[in-house]
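Chemist: Encoded as structure tokens, here's the structure I'll be asking about.
The values are calculated or read from the model by the stated rules, or taken from the named source; none is laboratory data. Note that the coordinates shown come from a computational prediction; the quantities given were computed from them, not determined experimentally. Cβ: placed from backbone, ideal geometry, glycine included. Neighbour counts: every protein chain shown.
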Amino acid sequence: MKNNPDNTPPVCSYEGSDYQARFWDAANRRYEDAVETVALQKLFSKGGRLLLELGAGAGRLTERYQNWDRIVLLDYSRTQLLQARERLGDSDQYVYVAADIYKLPFVSGLFDGATMIRTLHHMSDPVQTLQSVRRVMAEGGQFLLEFANKRNIKSILRWRLHRQDWNPFSPEQVEFVKLNYNFHPKTIAKTLQETNFETIKQLGVSFFRADWFKNHIPHERLVRWDSRLQNTSPLKDYTPSIFTLNRALGTSPTPQPGLFFSCPVCGQALPETKATQTCPNCAHEWQYNEGIYEFRIHPES
């Protein structure tokens, strides 16, 4: 956890972590990876000009976002972005940015698409999170959001059997591990509405997220079953993971040509240049090193 002294919410940092190798590559999560890809194909195949991938990590999903001219991979961890750069390489299609989601370092209205998968569950303030995302999106932009659902079948059964204290039907978020949150679907729906997003479609994902299923039923069959159930009501409201496709409502400013970044300290608009630059307003220096733009206000030492 990274504590910020300027009263912004704390950040869950994967700096120095082997998350990709340990959680995905070496673990039994081929099923979860496959069904998330199915959901992406169903909800997010349109493509566009400029996509912001929030919580991109090591770039596990980046190549699955088809038909986008450019993709900005944003994560708080430099080491995760270095792994993504090693995976994807250097090209004009990919931009690597180390930054805090609460203080996104981009000019307003820049992106016509954004995704946030397996990331909101680390955000203690979802309202501030989604406000920040909406600010940098163009009017009508598409936003794919995944969140961890506290009202899933497993948690309901555990609560009924008195094996967990928190109520899966109550609206507040629950922090089951430090900076790891589950949310109620109705609360997320309300938060999206309050932050000027309109939900277009919702899918339930990972119906069979349990070792017994993965160990006893062939992988291809599990993925096929999950795909068929993802849009089935009311079952889709009780999965551990929920994907929502949303549209940015209201007006958004049109960025001036040549301006891309925004100083997270003072808000001064800055150009996209593959070099370290100093903010002309507050004189803060923002590093560019190893192909990664550094816009963390309080980076790890």
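Chemist: For Arg209, are the conditions met, namely being closer than 26 Å to Leu235 by Cβ and either among the charged types (D, E, K, R) or touching a Phe, Trp or Tyr at 6+ places or on another chain (Cβ under 6 Å) (or both)?
Modeler: It is true that Arg209 is closer than 26 Å to Leu235 by Cβ and either among the charged types (D, E, K, R) or touching a Phe, Trp or Tyr at 6+ places or on another chain (Cβ under 6 Å) (or both).
Chemist: List pairs: first residue in the range 14-34 and of a type in the set (S, T, N, Q), second residue outside any loop (DSSP other than H, G, I, E, B) and surrounded by 13 or more Cβ atoms within 10 Å (Cβ to Cβ) anywhere in the structure, Cβ distance under 8 angstrom, at least six positions apart or on different chains.
Modeler: Correct list of pairs: Ser17/Thr79; Ser17/Gln80; Gln20/Gln80; Gln20/Gln83; Asn28/Lys214.
Chemist: Could you tell me whether Asn196 is under 18 Å from the mean Cα position of the chain (by Cα) and either hydroxyl-bearing (Ser, Thr, Tyr) or closer than 24 Å to Asp165 by Cα (or both)?
Modeler: no
Chemist: Go through the residues of the range 111-119 one by one and say whether even a single one is among the basic types (Lys, Arg), part of a helix (DSSP H, G or I) and closer than 18 Å to Leu145 by Cα.
Modeler: no
Chemist: Among Ser252, Ser233, which is out of contact with any helix residue (DSSP H, G or I) (no Cβ under 6 Å at 6 or more places or on another chain), small (Gly, Ala, Ser) and at pLDDT 95 or above?
Modeler: Result: Ser252 is the single residue among Ser252, Ser233 that is out of contact with any helix residue (DSSP H, G or I) (no Cβ under 6 Å at 6 or more places or on another chain), small (Gly, Ala, Ser) and at pLDDT 95 or above.
Chemist: So, one more: Can you name the strands (runs of 3 or more DSSP E) wholly within the range 1-102 that have at least 1 residues being among the basic types (Lys, Arg), over 17 Å from the mean Cα position of the chain (by Cα) and surrounded by fewer than 14 Cβ atoms within 10 Å (Cβ to Cβ)? Don't jump to the end; show me each part of the working.
Modeler: Working: elements: 48-54, 68-75, 94-98.
Of the strands (runs of 3 or more DSSP E) lying wholly inside the range 1-102, those with at least 1 residues that are among the basic types (Lys, Arg), over 17 Å from the mean Cα position of the chain (by Cα) and surrounded by fewer than 14 Cβ atoms within 10 Å (Cβ to Cβ) span 48-54.
Chemist: Out of Gly140, Gly109, which single residue is of a type outside the set (A, V, I, L, M, F, W, C), within 14 Å of Arg247 (Cβ to Cβ) and in contact (Cβ under 8 Å) with a residue 40 or more places away in the chain?
Modeler: After applying the criteria, what remains is Gly140.
Chemist: Got at least one residue in the range 199-211 being of a type in the set (A, V, I, L, M, F, W, C) and closer than 17 Å to Leu130 by Cβ?
Modeler: yes
Chemist: Looking at the range 139-194 only, could you name the residues that are assigned to a loop (DSSP other than H, G, I, E, B), among the hydrophobic types (A, V, I, L, M, F, W, C) and exposed (fewer than 13 other Cβ atoms within 10 Å of the Cβ)?
Modeler: Once the filter is applied, which keeps residues that are assigned to a loop (DSSP other than H, G, I, E, B), among the hydrophobic types (A, V, I, L, M, F, W, C) and exposed (fewer than 13 other Cβ atoms within 10 Å of the Cβ), the range 139-194 yields Leu161, Phe169.
Chemist: Restricting attention to the range 264-287, which residues are of a type in the set (A, V, I, L, M, F, W, C) and either at pLDDT below 95 or over 9 Å from Val107 (Cα atoms) (or both)?
Modeler: Val265, Cys266, Ala275, Cys279, Cys282, Ala283, Trp286
Chemist: Kindly provide the set of residues from the range 78-118 that are at pLDDT below 95 and small (Gly, Ala, Ser), ordered by number.
Modeler: Those that are at pLDDT below 95 and small (Gly, Ala, Ser): Gly89, Ser91.
Chemist: Being within 19 Å of Met116 (Cβ to Cβ), buried (at least 19 other Cβ atoms within 10 Å of the Cβ) and touching a Ser or Thr at 6+ places or on another chain (Cβ under 6 Å) is the requirement here; does Gln202 meet it?
Modeler: So Gln202 passes the test.
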